[in-house]
1. Quick one: Debye curve from the C-alpha atoms of segment 219-360, no solvent, what's log10 I(q)/I(0) at q = 0.18, 0.20 Å⁻¹?
2. Is segment 115-224 rounded, prolate or oblate when judged by the Cα gyration tensor, a ≥ b ≥ c being the square roots of its eigenvalues, rounded requiring a/c under 1.5 and prolate requiring a/b larger than b/c?
3. I'd like the accessible area for Ile226: 1.4 Å probe, protein heavy atoms, all chains in place, Å² to the nearest 10.
4. Going from the alpha-carbon gyration tensor of segment 6-50, what semi-axes, largest first and in whole Å, does one get by taking the root of 5 times each eigenvalue?
5. How many Lys pairs in segment 126-261 lie less than 23 angstrom apart by Cα atoms, where the lysines are 8 or more positions apart or on different chains?
6. Projected onto the charge dipole of segment 118-206 (+1 at Lys/Arg Cβ, -1 at Asp/Glu Cβ, origin at the Cα centre), which of Val126, Gln160, Tyr189 gives the Cα projection farthest towards the positive end?
7. For segment 1-79, what is the convex hull volume of its Cα atoms per residue in Å³?
8. What nm distance separates the two modelled labels at Met1 and Lys314, each placed 7 Å from Cα along Cα→Cβ?
Amino acid sequence: MRRVRVPLGERSYEILVGEDLLKGIGARCKKLKLGRRCVIVTDTNVGRLFGKAVTKSLSAAGFEVGSFEFQAGEKSKNLRTMEQCYNAFAEHRLERGSFVVALGGGVVGDLAGFAAASYLRGIDFVQIPTTLLAQVDSSVGGKTGVNLRAGKNLVGAFFQPKLVLCDQETLRTLPKREYRSGLAEVIKYGIIYDSKLFRRIESKISEILKLDPQTLSALVARCCAIKALVVEEDEQESGLRAILNFGHTIGHAIEAITSYGTYLHGEAISIGQIAAARLSKDQLGLSEAELQRIQEVFEAVGLPIKISLNQSQKRRLLEAMKLDKKVSDGEVKFVLADKIGHVVWGEFVGNDRIISSIDA
Ligand SMILES: NC(=O)c1ccc[n+]([C@@H]2O[C@H](COP(=O)([O-])OP(=O)(O)OC[C@H]3O[C@@H](n4cnc5c(N)ncnc54)[C@H](O)[C@@H]3O)[C@@H](O)[C@H]2O)c1
Ligand SMILES: [Zn+2]
């Protein structure tokens, strides 16, 4: 098992990464001296797969366990589900000392985390992320929240968990497409921060695609460590944290103009990262050889690397980018790489160049 410490003063916590960790969740919560009552928040897919094992472990450790399950999918990440979740907390008589266990992907983690952050003005919570995206991204950093009709993640809070437990075994039941989508974030950490990690990914493609637990544990732990480092420096997202958005400016716009229906997030940011790499070559001198390596690694894990857009879609893409939260004063700023393992943020890119980077 690997341990990654997220050092945030009094709010510090550990991320545990390894195999067969689910059955130990009860003992670990006990060690953390969490309150006697808890509610497991999960979705219909994950509850069916792992709900029993988690309940059993928590009960065996002496906790009084309740559960709240909602329909799987991004559509459930809203205030209506939140209210049902609060009601489940109340029915189970959660108190100030009680805790919430988020068992599932990013949707569960974001919703359960925000419910924990706001119920009784904040109770403890523990995350068991069961998608690759949740393990390397959404469960680290303390962002929680839900969507409004007006947009994604518009209501939320920064709220850190007491423990994150990433069990590699849980990834085996994940649909392949979801798994590959998570790999887009893994590759991102290599590009933005760690050329050694990038090389390791390149050399271990077949192990990664086979979900080799040793390889995966090492990768997931490294990604968490990088995100933890970045978050430690910039918990409230004022500067450095922007580097995590490599490939996301274009990626988010692709998701938006396709109504979040055609591409999974990881697929959209795969195309976005390749476009950003092309812009990096133009503007920061990223070498042609490294641009090729970036393209090849996304291709090797089976992620899409291009999208063809008609004129009207191109126009809508540019408009969508201007609406992105990360835009200041209507100027679109990019995170670009001068080499694999190092990025700079705040780069302005003209509309024509943005379009040609996608068209290439
Ligand atoms: N808080 C953050 O910092 C942050 C960062 C990135 C993304 N997010 C959020 O994360 C969400 C996306 O997360 P996601 O990609 O994990 O989606 P998700 O939670 O919807 O999970 C994807 C699908 O996989 C299923 N699933 C989950 N684990 C499984 C398993 N082990 N076996 C079989 N099926 C399983 C789910 O039921 C769902 O159908 C978005 O809402 C996004 O906004 C948050
Ligand atoms: Zn992302």
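The values are calculated or read from the model by the stated rules, or taken from the named source; none is laboratory data. This structure is a prediction, so every number in the text was calculated from the model and none was measured. So basically every Cβ, Gly included, is an ideal-geometry build from the backbone, and we count neighbours across all protein chains shown. Side chains included, ligands, DNA and RNA excluded: accessible areas come from the protein's heavy atoms. Shrake-Rupley method; radii C 1.70, N 1.55, O 1.52, S 1.80 Å.
1. Values, matching the q order: -1.10, -1.35.
2. In terms of gyration-tensor shape, prolate.
3. In the full protein context, Ile226 sits at about 0 Å².
4. They are 22, 15, 12 Å, listed from largest to smallest.
5. Taking the Cα cut-off of 23 Å, the pair count is 18.
6. Of the options given, the answer is Tyr189.
7. Dividing the Cα hull volume of segment 1-79 by its residue count gives 136 Å³.
8. For the pair Met1/Lys314, the computed spacing is 5.4 nm.
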